[in-house]
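To keep things clear, I will list the structure first and then write my remarks on it.
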Amino acid sequence: MKAFETGFCVRASKFSPPMFIDSLLYDATAEITKSLNQLAINVNNKYNVAITKQGIGQRFTEGAVKYIQSLIGIQLSHQINHSIDSGWFKLFKRVLIKDSTKFDVSENLSKQLPGFGGNASKAGVCIQYEFDIKAGDVSDLTITPANVPDNKNTSQTIGKVQEGDLIIRDLGYSIISCFHTIKKVGAYFISRLNVSILVYETKDNKLVELDFSKLHKMMKEGKIQRLEKQVVIGKEEKLPVRIIIELMPEEVVNKRLKKTNDYNKRKGNNTSDNYKIRACFNLYITNIEDIVLEAGAIVKIYKIRWQVELIFKAWKSIFGIDNNNPMKYERLICLLNIRLLLILINWDTFMHKRLQLYKKTGKLLSINKCFKTLQESSKELKDILTNNCKKLIKWLEEISRLFESHHWLEKRKNKIGLAELMLLKTL
């Protein structure tokens, strides 16, 4: 039905929607992108259906894109809650982390998918990804041109926030109006503060802009590593927040300034004095009261965002999401979406086993190790999904057996691990 509803099919054909999905999965699970001719040969060999490469190519339409996206929607709506309610997780309904990953695509798609700036990126794709690290549910998975800024996605998806949620965001998603919305619905946020957002403190019942130069001198002289204040942010849309200020080591500051200076030099701009002084700090804002979570816990919880970076790394290095040959726009979007669908299915498998084995052993599975094993089983999973679902239980049992050996999350030296972050004690 979805094939007809989305406009992918207008009449019955020997080359059916399941065959189309199978062809996409065949392409998506291959080490190198298949040619249209190879896809046509595969359909002929497997289903005894004669179709030319032109016939395959003509199936990649706007309707095909909508059809694959509808399947992702179905997968997202059928996610099973795999919630781990431990430590500070108990305080929140969901813990939503969002980030984006960008990569270049063929220059012939520069009109449909403009790159993310400069001569180095003529055409590119951005994937916005948000998931609940507490339960494992994916709440946003959107493909856009690479030149669409993260804060635009924030405005488009802020309506999905629910009472009791904790939203953890990076600098690119900082929009004061969205923080207002989060607070208004009874949810919470932890975010880095964008350098362009003004900060005020109250003195003699008046709002006075926070002097970061004086603050830097005071913290350096007093050897203060971290402090917190109640402040107001924003020039026009003012919002009271709790700010946590961390003084950064000089080598970190110098690295930040070099990166920014090099970028501004290429653009013909100068680095502002305001940026230079604020580069000396890590600034976190939140509406969580200090009687609930102390400053050190807020900083540690924010660092849980690196889980998204691990996931993006797995998408690229293990699933090859960014490995694409030149092709027409609709085919590329179909291929990216089918890879994301396959990743979602594998993610759901991983999260199910993570909860099951955490309850059994008290240990967490490694995303990277498990995704490598799942990727190696992708062709087998493809055949199960398209031909023989009866083998699914046996496949899951084998995956579970493999996960229980050599797939545990290892603690990195001198780094706080995910298990410790999840079990942080609350005040």
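The values are calculated or read from the model by the stated rules, or taken from the named source; none is laboratory data. Predicted model, so just to flag it, every value in this text is computed and none were measured. Glycine gets a Cβ as well: all are built from the backbone with ideal geometry, and neighbour counts include every protein chain shown.
What to note about this one:
- Condition met for Met351 (closer than 30 Å to Asp27 by Cα and either at pLDDT 90 or above or among the aromatic types (Phe, Trp, Tyr) (or both)): no
- Search result, residues across segment 236-269 that are farther than 30 Å from Ile291 by Cβ and among the charged types (D, E, K, R): Glu236, Glu250, Glu251, Lys255, Arg256, Lys258, Lys259, Asp262, Lys265, Arg266, Lys267
Per-residue answers, yes or no, for (1) over 20 Å from Thr349 (Cβ atoms); (2) surrounded by 18 or more Cβ atoms within 10 Å (Cβ to Cβ); (3) modelled with pLDDT under 80:
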| site | (1), (2), (3) |
| --- | --- |
| Ser86 | yes, no, yes |
| Thr101 | yes, yes, no |
| Cys126 | yes, yes, no |
| Val138 | no, yes, no |
| Pro145 | yes, yes, no |
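- Counted residues, segment 199-249 - those being in a strand (DSSP E or B), more than 32 Å from the chain's Cα centre (by Cα), among the aliphatic types (A, V, I, L, M) and under 15 Å from Ile277 (Cβ atoms): 0
- Residues in segment 1-29 that are over 18 Å from Ser70 (Cα atoms), surrounded by 14 or more Cβ atoms within 10 Å (Cβ to Cβ) and free of Cβ contacts under 8 Å to residues at least 12 places away in the same chain: Ser13 alone.
- Residue count for segment 393-412, restricted to those that are in contact with a Leu (Cβ under 8 Å, 6 or more places away or on another chain) and either under 29 Å from Met19 (Cβ atoms) or aliphatic (A, V, I, L, M) (or both): 3.
- Note on segment 222-260: among residues that are surrounded by fewer than 15 Cβ atoms within 10 Å (Cβ to Cβ) and polar (S, T, N, Q), the one that is farthest from Phe281 (Cα to Cα) is Gln230.
- Complete set of residues in segment 325-340 that are surrounded by fewer than 19 Cβ atoms within 10 Å (Cβ to Cβ) and in a loop (DSSP other than H, G, I, E, B): Asn325, Pro326, Lys328
- Applying the criterion of being among the hydroxyl-bearing types (Ser, Thr, Tyr) and assigned to a helix (DSSP H, G or I) to the residues of segment 348-377, the residue that is nearest to Trp315 (Cα to Cα) is Thr373.
- Across segment 385-399, not a single residue is classified as among the basic types (Lys, Arg), outside any helix (DSSP H, G or I) and at pLDDT below 80.
- Cβ pairs under 6 Å, 6+ apart, first in segment 98-110 and more than 25 Å from Gly136 (Cα to Cα) and without any contact (Cβ under 8 Å) to a residue 60 or more places away in the chain, second crowded, with 16+ Cβ neighbours inside 10 Å and of a type in the set (Lys, Arg): Glu107/Lys122; Ser110/Lys122
- Scan of segment 111-153 for residues that are closer than 21 Å to Ile176 by Cα and without any contact (Cβ under 8 Å) to a residue 40 or more places away in the chain, ordered by number: Gln128, Glu130, Val148, Pro149, Asn151, Lys152
- Being of a type in the set (A, V, I, L, M), assigned to a helix (DSSP H, G or I) and out of contact with any Lys or Arg (no Cβ under 9 Å at 6 or more places or on another chain) holds for only one residue in Ile311, Ile298, Ile291, and it is Ile311.
- Every condition in (1) out of contact with any Gly (no Cβ under 8 Å at 6 or more places or on another chain); (2) aliphatic (A, V, I, L, M); (3) closer than 20 Å to Val95 by Cβ; (4) crowded, with 17+ Cβ neighbours inside 10 Å is met by Val292 except one, and the failing one is (4).
- Any hit, segment 271-286, residues being among the aliphatic types (A, V, I, L, M), under 24 Å from the mean Cα position of the chain (by Cα) and surrounded by 13 or more Cβ atoms within 10 Å (Cβ to Cβ): yes
- For segment 243-285, the set of residues classified as within 23 Å of Phe179 (Cα to Cα) and in contact with a His (Cβ under 8 Å, 6 or more places away or on another chain) consists of Phe281 only.
- Looking across segment 182-208, the residues that are β-branched (Val, Ile, Thr) and either more than 20 Å from Arg94 (Cα to Cα) or surrounded by 17 or more Cβ atoms within 10 Å (Cβ to Cβ) (or both) come down to Ile182, Ile190, Val195, Ile197, Val199, Thr202, Val208.
- Within segment 73-84, being more than 18 Å from Gly362 (Cα to Cα), modelled with pLDDT under 80 and small (Gly, Ala, Ser) holds for one residue alone: Ser77.
- Identification of helices (runs of 4 or more DSSP H) wholly contained in segment 1-66 with 3 or more residues that are within 20 Å of Asn325 (Cβ to Cβ) yields 17-28, 36-47, 53-58.
To keep it simple, each residue is scored yes or no on (1) among the small types (Gly, Ala, Ser); (2) free of Cβ contacts under 8 Å to residues at least 40 places away in the same chain.
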| position | (1), (2) |
| --- | --- |
| Thr260 | no, yes |
| Tyr263 | no, yes |
| Ala297 | yes, no |
| Glu309 | no, no |
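- Segment 28-82, residues that are farther than 20 Å from Phe4 by Cβ and either among the hydroxyl-bearing types (Ser, Thr, Tyr) or under 21 Å from the mean Cα position of the chain (by Cα) (or both): Ala28, Thr29, Thr33, Ser35, Tyr47, Thr52, Leu76, His78, Gln79, Ile80, Asn81, His82
- Checklist (1) surrounded by 14 or more Cβ atoms within 10 Å (Cβ to Cβ); (2) closer than 18 Å to Val95 by Cβ applied to Gln162, failing item: (1)
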